[in-house]
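Every read-out reported here was derived from the displayed coordinates using simple, explicitly stated rules and does not represent laboratory data. Worth saying up front: this structure is predicted, and the values here are computed from it rather than measured. Here the Cβ positions follow ideal geometry from the backbone for every residue, glycine too, while neighbour counts run over all protein chains shown.
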Amino acid sequence: MPRVITEPCVGCKHGDCVEVCPTDCFYELDNMLVINPDDCIDCAACESECPVSAIFPDDEADQKWVKINAEADFSNIKNITSKSEITR
Ligand code: SF4
Ligand code: SF4
């Protein structure tokens, strides 16, 4: 049950979430970050770091956002391992 990122993330450049992830599973879309569900170990560390409460367990999030996270083209988008790497 991975965490997923939802609508409040659109436009956020803080990336506080990224700094605490032990498995580097954040990736950058044009206007938000997403979590690779294959890499997320569901530790929940990121959830409380997000200032706009955009991160949820996938069974508590709208399925639209679960799909946006799960179906991202992870081999062709940027893996973000530090908030300084966020370019959007
Ligand atoms: S801190 Fe929250 S809103 Fe900001 S990039 Fe991370 S998930 Fe998105
Ligand atoms: S729940 Fe843990 S492993 Fe999953 S994205 Fe958040 S910090 Fe990373």
Quickly run through the range 1-12 and pick out the residues that are more than 7 Å from ligand 1 (Cβ to nearest atom) and either outside any strand (DSSP E or B) or touching a Gly at 6+ places or on another chain (Cβ under 9 Å) (or both).
-> 1, 2, 6, 7, 10, 11
Expected output for the range 74-88 (first residue free of Cβ contacts under 8 Å to residues at least 60 places away in the same chain and in a loop (DSSP other than H, G, I, E, B), partner surrounded by 15 or more Cβ atoms within 10 Å (Cβ to Cβ) and aromatic (Phe, Trp, Tyr), Cβ below 8 Å, 6+ apart or cross-chain) is 74/27; 77/27
Identify all residues within the range 1-36 that are more than 10 Å from ligand 2 (Cβ to nearest atom), under 20 Å from residue 75 (Cβ atoms) and among the acidic types (Asp, Glu); write none if there are none.
-> 28, 30
Which residue pairs have Cβ atoms under 6 Å apart, sit 6 or more places apart or on different chains, and have a first residue in the range 1-27 that is at positive phi and a second that is of a type in the set (S, T, N, Q)?
-> 24/81
Selection from the range 25-49 of residues that are in a loop (DSSP other than H, G, I, E, B) and either among the aliphatic types (A, V, I, L, M) or under 10 Å from the mean Cα position of the chain (by Cα) (or both) = 25, 29, 32, 36, 37, 40, 41, 44, 45, 46
Which condition number in (1) surrounded by 12 or more Cβ atoms within 10 Å (Cβ to Cβ); (2) away from ligand 1 (no atom under 14 Å from the Cβ); (3) assigned to a loop (DSSP other than H, G, I, E, B) is the one that residue 61 fails?
-> (2)
